[in-house]
Amino acid sequence: MALKGLGKGLGALLGDLDFNDDENIGVGNTAVEIALDKIDRNEDQPRKNFDEVALSELVNSIRIHGVITPIILVEKGDRYMIIAGERRWRASKRAGLKTIPAIVRNYTKEQIREISLIENLQREDLNPIETATAIKELMEECDYTQEKVAERIGKSRTLVTNTLGLLTLPQPVIDLIAAGRLSAGHAKVLISMDDAEAQCALALKGVDGKLSVRKFEELVKAYRNPKAKVAREQSLELKDLVARMQRTFATKVSVLGNDKKGRIYIDYYNRDDLDRIAEILESLEDKQTL
């Protein structure tokens, strides 16, 4: 059975393993039973917390079917350290197993760190901030560029850039994202802003699904461009007045403001435009004197 579910990056690091194909079994590829009490977790493993519900479900599955996919280990003296598969190891202990199928590999310290970080990134239950932090650690630990880390984890460069951008937001906004109250899509809209106080205030308006991403984008755009916000507050009567003036003066007429206060601008593009506008005004003045 092929090793699946680890993503392009981790699969490339661990190799394409096929545990039922005898022709592929060789040094470093053979799954053997290792005593659970001889295995230690990797203390540098980025993943510190495990969902208890998901872990309990895995325990039940292992009790019925056993461990389907071997874990990956390295030797540490007369013991072993987990490189990939700590969740399966934990669940096997809870299920009462004494041994677990494992593949023992030789990895350098740098390779172990990279694999641990990439395995962490392939988890589906990471929140966007955990993902961003893991990507940042992978870049710093392995001296990777964004292009290189995108290649290693099997993601697009754009996704990596946008994800890392979340870490530039103010801490209160980061906390909202980590808590699942503000989506990454909403948060991405705030990244380009340079006013931390405004970022926090706007984030609170988009939490808990109050606004769709599109509506949130409009809210942020209105904050960054107050003139556009005022324009949207103009009444139909004011807009109709502007349209009538455009027809009367035969030129562009624009308004800045609303029904209560503002300015009206009448454009002219040459002397003929100006003369025509002047003639219209003179005609209106003549009517007033009648």
Please go through the range 182-198 and pick out each residue that is at pLDDT 95 or above and over 12 Å from the mean Cα position of the chain (by Cα).
LEU190
Would you mind finding the one in GLN234, GLN288 that is surrounded by 10 or more Cβ atoms within 10 Å (Cβ to Cβ) and at pLDDT below 90?
GLN234
At positive phi and surrounded by fewer than 16 Cβ atoms within 10 Å (Cβ to Cβ): which single residue out of GLY209, GLY185, GLY154 fits that description?
GLY209
From ALA35, ALA95, residue being surrounded by fewer than 14 Cβ atoms within 10 Å (Cβ to Cβ), modelled with pLDDT of 80 or more and in contact with a Lys or Arg (Cβ under 8 Å, 6 or more places away or on another chain):
ALA35
Checking ARG63 against (1) surrounded by fewer than 18 Cβ atoms within 10 Å (Cβ to Cβ); (2) farther than 18 Å from VAL32 by Cβ; (3) within 33 Å of the chain's Cα centre (by Cα): exactly one of these is not met. Which one?
(3)
Would you point out which residue out of GLU141, GLU147 is at pLDDT below 95 and within 17 Å of the chain's Cα centre (by Cα)?
GLU147
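Residue-wise test of (1) surrounded by fewer than 18 Cβ atoms within 10 Å (Cβ to Cβ); (2) in contact with a helix residue (DSSP H, G or I) (Cβ under 6 Å, 6 or more places away or on another chain); (3) farther than 18 Å from ILE34 by Cα.
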| position | (1), (2), (3) |
| --- | --- |
| ILE71 | no, yes, no |
| ILE83 | no, yes, no |
| ALA91 | no, yes, no |
| ALA102 | no, no, no |
| ARG113 | no, yes, yes |
| ALA132 | no, yes, yes |
| GLU140 | yes, no, yes |
| THR145 | yes, no, yes |
| LYS148 | yes, no, yes |
Output for the range 163-203, where each listed residue is touching a helix residue (DSSP H, G or I) at 6+ places or on another chain (Cβ under 8 Å) and more than 16 Å from ASN127 (Cα to Cα)
PRO170, VAL189, LEU190, ILE191, MET193, ALA198, GLN199, CYS200, LEU202, ALA203
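Do you know which of the residues in the range 246-257 that are in a helix (DSSP H, G or I) and closer than 13 Å to TYR268 by Cβ is modelled with the highest pLDDT? Steps first, please.
Filtering the range 246-257 for residues in a helix (DSSP H, G or I) gives 246-249.
Of the ones still in play, those that are also closer than 13 Å to TYR268 by Cβ are 246, 249.
Values: GLN246: 90, PHE249: 87.
Out of the qualifying residues, it is GLN246.
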Cross-chain or 6+ apart pairs with Cβ under 7 Å, the range 264-290 first and assigned by TED's automatic domain parsing to the domain that holds VAL253, then assigned to a helix (DSSP H, G or I):
ILE266/PHE249; ILE266/ILE277; TYR268/LEU274; TYR268/ILE277; ILE277/PHE249; ILE280/THR248; ILE280/PHE249
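The values are calculated or read from the model by the stated rules, or taken from the named source; none is laboratory data. What you are looking at is a predicted structure, and each value in this text was computed from that prediction instead of being measured. Cβ sites come from the backbone with ideal geometry, for glycine too, and all protein chains shown count toward neighbours.
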